[in-house]
Ligand code: NAI
């Protein structure tokens with residue numbers, strides 16, 4: 001790549017988003033680290049800076065239209081047009097359907113669906129102008145259905161529909177859109193799930209690994225490697241796809 005492109009990663013203060021931010025910086029992107037708490041984003045940006053990369057920390061709630069617009073404008077002004085976007089920010093509010101509150105439903109819809117819509121809309125304005133873009137959105141194997149996750153499963157399936165439509169609408173501008181559907185990945189999100197179920201996290205990991213065909217738990221770096229390919233120039237003919245990165249077809 002002659003001139004470094006600017007990549008925006010949401011939910012990048014920790015977990016999968018952080019691994020993507022670090023990987024993209026190593027791959028030569030200027031990286032905008034977006035998350036709710038700007039100080040937490042700054043720690044990731046500092047780590048990238050210390051390793052010789054370029055990063056900008058931006059505090060933003062991806063479900064808030066005004067905050068998204070000003071965050072993307074700030075990234076464009078300070079790093080350059082964001083032509084790569086990874087919609088990764090996410091939350092879980094698990095409950096069985098008969099106990100799930102409207103607040104739990106709305107919170108999950110707002111972060112995943114509204115957030116990815118707002119971020120994609122704001123960034124595509126720059127991508128279409130530049131006649132180049134890569135959008136990767138984090139779905140999940142839960143899109144296929146998962147007990148206790150009516151809200152999350154619906155949102156993650158919805159993101160696959162959003163992805164395919166972005167691919168159809170934006171392809172003519174040199175923009176591709178794809179989704180990654182991770183299986184079980186070791187992060188604070190899955191640790192919180194184990195704790196809620198009253199399970200020891202390490203034992204939980206050992207049990208989960210037994211049912212995964214490749215025989216191990218996924219790591220944030222597994223997802224970062226897939227995102228790196230989908231956001232590379234050479235992936236320009238891959239669009240509207242959902243790649244399951246789960247150590248097997250559906251685990
Ligand atoms: P995590 O909970 O460790 O990190 C998510 C990040 O998103 C946090 O830093 C959080 O502050 C941020 N975030 C939440 N709401 C936000 C908002 N409104 N605006 C901006 N940032 C916000 O989660 P993890 O495990 O790294 O997951 C990342 C993505 O991958 C999520 O979309 C998740 O649903 C998805 N995923 C994770 C899997 C796993 O096994 N860990 C499996 C499948 C999908």
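Quick notes on this one:
- Taking all pairs of distinct alpha-carbon atoms in the stretch 70-191, Kirkwood radius in angstrom: 15.2 Å
- Cα centroid separation - the stretch 28-65 against the stretch 101-130, whole Å: 18 Å
- Nearest 10 degrees, 0 to 90: helix 15-26 Cα axis against the chain principal axis: 30 degrees
- Spin-label model, residue 50/residue 65: points 7 Å from Cα along the beta carbon direction are separated by 4.1 nm.
- Placing dummy labels 7 Å off each Cα toward the beta-carbon, the span from residue 251 to residue 221 is 2.0 nm.
- Angle between the chain longest axis and helix 220-230 axis [Cα atoms, degrees, rounded to 10]: 40 degrees
- When 237, 132 are arranged by Cβ crowding within 10 Å, least crowded first, meaning fewest neighbours, the order is 237, 132.
- Relative intensity, log₁₀ I(q)/I(0), of the stretch 152-218 from a Debye sum that treats every alpha carbon as a point, q = 0.26 Å⁻¹: -1.07
- Using C-alpha pairs below 8 Å separated by at least 6 residues, the relative contact order for the chain is 19 percent.
- Paired Rg and Dmax values of the stretch 6-124, which use every Cα atom, in angstrom: 14.6, 51
- Added length on full extension, which subtracts the Cα-Cα distance from 0.36 nm per residue, residue 195 to residue 37: 54.5 nm
- Using alpha carbons only: equivalent-ellipsoid semi-axes of the chain, gyration tensor based, whole Å: 28, 19, 18
- Where only DSSP H runs of four or more residues are counted, the chain gives -14500 deg cm²/dmol as its mean residue ellipticity at 222 nm, each run worth -39500 (n - 2.57).
- Zone residues, the stretch 1-44, relative to residue 130, backbone N less than 12 Å from point 7 Å out along Cα-to-Cβ: 2-9, 29-32
- Degrees separating the helix 201-210 axis from the principal Cα axis of the chain, which is the longest one: 90 degrees
- Inter-label distance, nm, simple model (7 Å from Cα along the C-beta direction), residue 146/residue 168: 2.7 nm
- Sorting the segments 204-213, 78-87 by their mean number of nearby beta carbons within 10 angstrom, highest to lowest, gives 78-87, 204-213.
Quick note: the coordinates plus some simple rules give every number you see, no bench work behind them. Owing to the predicted nature of the structure, the values given are computational and were not obtained by experimental measurement. A quick note on method: Cβ atoms are made from the backbone with ideal geometry, for glycine too, and the neighbour counts reach across all protein chains shown.
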